[in-house]
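One structure is given below, encoded as structure tokens.
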Amino acid sequence: MALLFDCSLDADLWEYEARTGRMYKPPPPSARRKNIEFEPLSTTALILEDRPANLPAKSVEEALRHRQEYDEMVAEAKKREIKEAHKRKKIMRERFKQEENIASAMVIWVNEILPNWEGMRATRRVRELWWQGLPPSVRGKVWSLAVGNELNITPELYEIFLSRAKERWKSFSETSSENDIEDAGTSVADREASLELIKLDISRTFPSLYIFQKGGPYHDLLHSVLGAYTCYRPDVGYVQGMSFIAAVLILNLEEADAFIAFANLLNKPCQLAFFRVDHSMMLKYFAAFEVFFEENLPKLFLHFKSYSLTPDIYLIDWIFTLYSKSLPLDLACRVWDVFCRDGEEFLFRTGLGILRLYEDILLQMDFIHIAQFLTKLPEDITSEKLFSCIAAIQMQNSNKKWAQVFASLMKDNKEGDKNHSPAPKS
């Protein structure tokens with residue numbers, strides 16, 4: 001290795017002598033040692049340093065040019081530093097303001113709204129405060145009250161179905177007869193598939209948080225809620241995407257309360273239609289969505305139509321997980337806040353808000369790129385931008401609101417069924 005280095009150095013010296021016509025004179029040992037010991041504090045500092053004594057000195061022009069380049073680099077670095085400082089300051093100001101707003105809103109929710117829930121929930125003041133997002137400390141309570149408990153599930157009932165789920169998990173790991181564990185018309189194979197899917201899905205639920213995966217603090221809790229639900233609703237069973245909904249509830253509620261909210265939420269007409277894969281009902285929801293899509297974003301609507309890009313391609317995943325998989329968790333929770341206030345309409349309004357936010361980008365894309373983009377939305381999506389776009393979406397078509405448009409589609413379907421029904425036999 002030393003021989004190679006010496007040869008390379010000799011070649012450089014011969015090249016220098018041939019180019020300059022001067023003999024190379026090595027510097028005295030002390031000078032050489034001094035240069036070897038030299039360590040610049042940064043790479044930019046090299047620009048200002050003279051060359052080592054064993055190399056030709058910089059010309060005046062070169063030295064001036066290096067000085068100018070160095071000054072420009074320093075000036076640019078200072079600009080960036082000032083810009084970053086302003087950005088950090090702005091973020092801190094916004095965060096401080098947000099924390100103040102949350103603190104003051106929490107006082108109002110705790111002291112005024114929650115004690116008088118039934119009388120205040122529909123007032124304009126509460127609805128406006130609700131739109132701004134619920135304080136995390138009251139979020140779970142408000143969600144529970146808004147979702148309600150029409151199914152009259154109690155914590156004791158949850159414990160009963162959780163016990164059944166645990167027995168079933170145990171029985172599947174042992175050898176037992178099919179009759180012992182068949183229930184409510186659901187086959188053993190279906191139940192095994194459901195339980196296996198739960199295991200698989202839990203590992204894929206908010207993987208970046210590392211709290212629902214095996215060994216994480218919420219893994220068993222999520223497993224329990226989902227397992228209990230498959231026993232409570234064998235007609236629905238476990239469907240992919242449920243784990244995200246249950247996980248969000250677990251992060252905001254106690255175990256039994258999370259199960260109660262989960263079961264009631266999935267019993268709502270829209271969620272039940274999607275999780276039971278009721279194609280006829282799902283098509284009605286897609287048709288209603290397209291009515292408002294065309295009304296609010298006609299240019300993008302025609303662009304999607306030109307590629308035969310139908311709502312099911314992107315809406316199914318959004319609705320199945322209530323946006324908790326597609327949006328950052330804090331933003332998804334804010335969507336849930338208003339969903340609990342406005343119901344299913346807000347889920348589709350949010351979808352239109354996303355399309356509005358990225359309309360300019362989507363208009364430049366073809367079928368494949370649109371599908372890919374909407375399947376995995378940008379991670380830098382902010383609450384302010386999205387909710388500004390959602391607010392701009394008008395859920396009214398020819399003086400008909402969402403519920404009226406959907407009811408009209410349902411009526412048309414029923415009349416169509418009557419017209420196509422066979423004539424009664426005489």
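Data for the structure
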item: Where labels lie 7 Å past Cα in the beta-carbon direction, separation of ALA75 and ILE361 in nm; result: 3.5
item: Fraction in percent of alpha-carbon pairs per bin - 10 Å, the range 63-132; result: 17, 25, 15, 13, 12, 9, 6, 2
item: Isotropic mean projected area of the C-alpha convex hull, the range 353-402 (nm²); result: 4.5
item: The range 273-412 - Debye-derived log10 I(q)/I(0), Cα point model, q = 0.10, 0.19, 0.20 Å⁻¹; result: -0.31, -1.24, -1.39
item: Violating pairs (Cα-Cα greater than 28 angstrom) within the set LYS305/LYS411; LYS141/LYS268; LYS83/LYS385; LYS376/LYS411; result: LYS376/LYS411
item: Full-stretch length increase - SER280, ILE381 - with 0.36 nm per residue and alpha-carbon distance subtracted; result: 33.1 nm
item: P(r) of the range 223-293 over all Cα-Cα pairs, binned every 10 Å from zero, in whole percent; result: 19, 47, 24, 9, 0
item: Loop-located GluC sites (Glu not before Pro) in the range 104-179 whose Cβ has at most 10 other Cβ within 10 Å (DSSP); result: GLU150, GLU174
item: Trypsin sites (Lys or Arg not before Pro) within the range 344-417: DSSP coil, no more than 13 neighbouring Cβ in 10 Å; result: LYS376
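Every number in this text was worked out from the coordinates using simple rules, so none of it is lab data. This is a predicted model, so every value here is computed, not measured. Ideal geometry is used to build each Cβ from the backbone, glycine not excepted, and the neighbour counts take in all protein chains shown.
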